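Quick notes on the structure that follows.
The values are calculated or read from the model by the stated rules, or taken from the named source; none is laboratory data. Being a predicted model, the structure only gives us computed values, none of them experimental. A quick note on method: Cβ atoms are made from the backbone with ideal geometry, for glycine too, and the neighbour counts reach across all protein chains shown. The protein model used for the area step is the full one, side chains on, heavy atoms only, and it has no ligands, DNA or RNA in it. Shrake-Rupley method; radii C 1.70, N 1.55, O 1.52, S 1.80 Å.
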Amino acid sequence: MKISLKASAIAVAVSFLAAGVANAQNVKVAFIEGMSGPFGGVGQNQLKHFQYAAERFSGKQANSGVTVEIVPMDSKGSPQEALALLKKATDEGIHFVTQGNGSNVAGVLIDAINKHNERNPGKEVVFLNYAAIDPDFTNSKCSPWHFRFDAGSDMKLEGLTNFMMDQKDIKNVYIIGQNYSHGQQVSKFTKEFLAKKRPDIKVVGDELHPMGQVKDFAPYIAKMQAANADAVVTGNWGSDLALLIRAANAAGFKGKFYTFYAGVIGTPTAIGAAGADRVEMVAYWHPNSAQSQFESIYTGFKAKFNEEFYTVAAVNAVRFLVASVEKAKSTDAAPVARAMAGMKMKGASGEDIEMRASDGALQQALYVVNWTKAGGPGVKFDAENTGYGFQTVRYLMPSQAARPTTCKMPKRI
Amino acid sequence: MSVLNGVSYGLLLFMLSAGLTLIFSMMGVLNFAHASFYMLGAYFAYQVSEWTNYWVAFVVAPILVAVMGGLFERYVLRKTHKSGHVAELLVTFGLSFVILELVQLIWGRSAVDYKVPAALDGSLFKLFNSSFPEYRAFMMLVAVGMLVSLFLMLKKTRIGLVIQAALTHPETTEALGHNVPRVFAMVFAGGCALAGLAGVIGGNAFITEPGMAQAVGAIIFVVVVVGGMGSLAGALIASVLIGLMQTFAVGLDWSFLGGLSALGIDVTPDTFGYPVWKLKLSQIGPILPYLLLVVMLVVRPKGIMGTRDD
């Protein structure tokens, strides 16, 4: 009797201990990104977003038993290096991978993860894509292991061209992009949507330039001026956008820029006062979005790193991951992926967001914003201490921003 | 307009490669850290212009870079000299990483807001409907000024004479009582100052960020190789050539596709090799210099004005 009592006490203690272990789960996320090279600055900055998101939205600060740990791995922006790092991550037993800068890299990661998961049942990997917005990833190339937290470039261009449609002064549009899948998709969808919405607008230029190679954009601007362009649509990011706008300012180019990434580190500085009311951006969030729930994240990030916070996708990736691990009560990839598909939450501005199960694309609100003098109504925060910031000129609810998908999603295991 | 854009970019490239080719012809050291000195020039100029103004930075930044270059030559490069060229190459290679990390530690990894001075921030004249920025004209002016003074110094002054003598006959020059190592240090510092000066005027014309050294690093080697190792005139020709080539390529929408259809051959997306045929010259513009490098090495390995026959 005495012995059995002792045994049951031990059993109870052990079960408590086990429960304790189950409650405190540590989830490692491999952050595979180019943190050196031409776009290294952007990668470094994104890493800070993820580390900050993990600190605020998992573990102790978030009152969660799930702690997300970010493992940075520098791919130098190269697909080959990224593949080698994916192998390293799986060898180390990491089940979650995130990447975003460059759809060219994301594409090979998706393929490699699909293959890996087929060959290694029970050791699957989930890809949390926070910025690679090639629409193919949620259409023809969709995968049950891929979740995208940014809005696809088709979604973004739908929003951007909706706004452009009403700008009666646009007559000649010039499209310029980096020569890889993303730039090509932007060009394709811009032409397609504009032809539908404003057939009177002429596309006077359709240019692709090598990614991260051009340091002097003056010749491109001269070409735009020669073509009488009054609007430029570009999917450029990082230094490719900063240098483009800087060259436009220097050459006195008067047209407007319709961009995706004017808020990315370094670019607001390059736009500066010369770009006031001439640069528009489509984004799923910005610091001056109305009743922004993430204002304290924005200010906290700026206080900590003295850099702008803009990648809400990093925060959403961490939030969805934590909630999915809690729901699945497991840190294995397959049950977490099942839990994440179709999961609903409140977004950064209080809107309802959903990780659509049919294609793995986060359904979220979109903003079209204008670069203008900060301090006035609707422009509380400036960007990179320039005195200028983003103001909402159009808001699309998640239902308005949604795009249909052609994805035939394979069955989730 | 394209000519002006091309020439101004080419002249900036020349300022960068002049120092490199000078150092190479003097000391036989291919300085891998040369572009890093360009970056340092831009960052120093940014910092100094934050404290004082642009014109102080314009003078002070190249001097600071020269001092650093001189110290590096005196205390590091000279010591590795006896271990041969590979060691020298490696030590400059290492230095480029050290400078990169230091810059990132001090100024951060993102771009800094190094502005064109207000006095030069305007358009000089308008051609068709694009305006030519004053600052580009200033860039050209500085580069040409530097070119002329460099030429005069090398050809007309005593220092230039000693430098040229030390270049070809170091032992004899030393025997004549000249301090050849000090001449080497001076040339190295001078070359670095030129790179620094290029950074001062290039940093705000383009962008001042830690990636800037890497961005120009490859292209200045192309300039030096195409121009002919160690030839200043060759470097000038090659720089302007590459500047013009890149600028004009952007303006031309030629492709094989257009050429073939002009010949009456119909090319559709189904034709074999379509992605190659539809490539426009403007798309491949930025890789043309590297193409030129390969062609040059095959056809005329010593470069346009090169004299080395080994």
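Inspect the range B:101-119 for any residue being touching an Asp or Glu at 6+ places or on another chain (Cβ under 6 Å) and within 14 Å of another protein chain (Cβ to nearest Cβ) and give the result as yes or no.
Taking the range B:101-119 as the starting set, the residues that turn out to be touching an Asp or Glu at 6+ places or on another chain (Cβ under 6 Å) are B:111.
Remaining after also requiring within 14 Å of another protein chain (Cβ to nearest Cβ): B:111.
Within the range B:101-119, one or more residues are touching an Asp or Glu at 6+ places or on another chain (Cβ under 6 Å) and within 14 Å of another protein chain (Cβ to nearest Cβ).
Would you confirm whether any residue within the range A:195-210 is more than 8 Å from every other protein chain (Cβ to nearest Cβ), closer than 15 Å to A:GLY255 by Cβ, crowded, with 24+ Cβ neighbours inside 10 Å and not basic (Lys, Arg)?
Just the residues of the range A:195-210 that are more than 8 Å from every other protein chain (Cβ to nearest Cβ), to begin with: A:195-206.
So of that shortlist, the ones also closer than 15 Å to A:GLY255 by Cβ come out as A:201-205.
Imposing the further condition that a residue be crowded, with 24+ Cβ neighbours inside 10 Å reduces the set to none.
No, the range A:195-210 contains no residue that is more than 8 Å from every other protein chain (Cβ to nearest Cβ), closer than 15 Å to A:GLY255 by Cβ, crowded, with 24+ Cβ neighbours inside 10 Å and not basic (Lys, Arg).
Residue-wise test of (1) closer than 26 Å to A:LYS123 by Cβ; (2) hydrophobic (A, V, I, L, M, F, W, C); (3) outside the structural domain of A:LYS115 (by TED's automatic domain parsing).
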| site | (1), (2), (3) |
| --- | --- |
| A:PRO335 | yes, no, no |
| A:VAL369 | no, yes, yes |
| A:LYS373 | no, no, yes |
| A:ASN385 | no, no, yes |
| A:PHE390 | no, yes, yes |
| A:LEU396 | no, yes, yes |
| A:PRO410 | yes, no, yes |
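Do you know which residues across the range B:59-112 are open to solvent by less than 50 Å² (accessible area, probe 1.4 Å), of a type outside the set (S, T, N, Q) and part of a loop (DSSP other than H, G, I, E, B)?
B:GLY84, B:GLY108, B:ALA111
Return the residues of the range A:324-366 that are small (Gly, Ala, Ser) and either buried (at least 22 other Cβ atoms within 10 Å of the Cβ) or closer than 13 Å to A:TYR284 by Cβ (or both); say none if nothing qualifies.
Correct list: A:SER324, A:ALA333, A:ALA337, A:GLY347, A:ALA348, A:SER349, A:GLY360, A:ALA361, A:ALA365.
Take the conditions under 30 Å from A:ARG198 (Cα atoms) and assigned by TED's automatic domain parsing to the domain that holds A:ALA30 and apply them to A:SER78. Does it pass?
No; evaluated as a whole, the condition is false for this residue.
Here is a list: A:VAL393, A:VAL315. Which entry is open to solvent by less than 30 Å² (accessible area, probe 1.4 Å), touching a residue at least 12 places away in the same chain (Cβ under 8 Å) and of a type in the set (Val, Ile, Thr)?
Just a single option satisfies the conditions, and that option is A:VAL315.
Look through the range A:1-48, keep the residues that are more than 30 Å from B:ALA215 (Cβ to Cβ) and in contact with a Gly (Cβ under 7 Å, 6 or more places away or on another chain), and return whichever of them is modelled with the highest pLDDT.
A:GLN25
Wholly within the range A:297-413, which strands (runs of 3 or more DSSP E) include no fewer than the required count, namely at least 2 residues that are out of contact with any Gly (no Cβ under 9 Å at 6 or more places or on another chain)?
Correct list: A:344-346, A:388-396.
Could you please find all residues in the range A:149-181 being closer than 21 Å to A:ASP359 by Cβ and either modelled with pLDDT under 90 or charged (D, E, K, R) (or both)?
Across the range A:149-181, the qualifying residues are A:ASP150, A:ASP154, A:LYS156, A:GLU158, A:SER181.
Mind listing whichever residues of the range A:376-413 are in contact with a Lys or Arg (Cβ under 8 Å, 6 or more places away or on another chain) and of a type in the set (Phe, Trp, Tyr)?
Listed by number, the list holds a single entry, A:TYR388.
Would you point out which residue out of A:GLY159, A:GLY183, A:GLY152 is in contact with a Pro (Cβ under 6 Å, 6 or more places away or on another chain), more than 19 Å from A:GLY40 (Cβ to Cβ) and open to solvent by less than 10 Å² (accessible area, probe 1.4 Å)?
When all the criteria are applied, what remains is A:GLY152.
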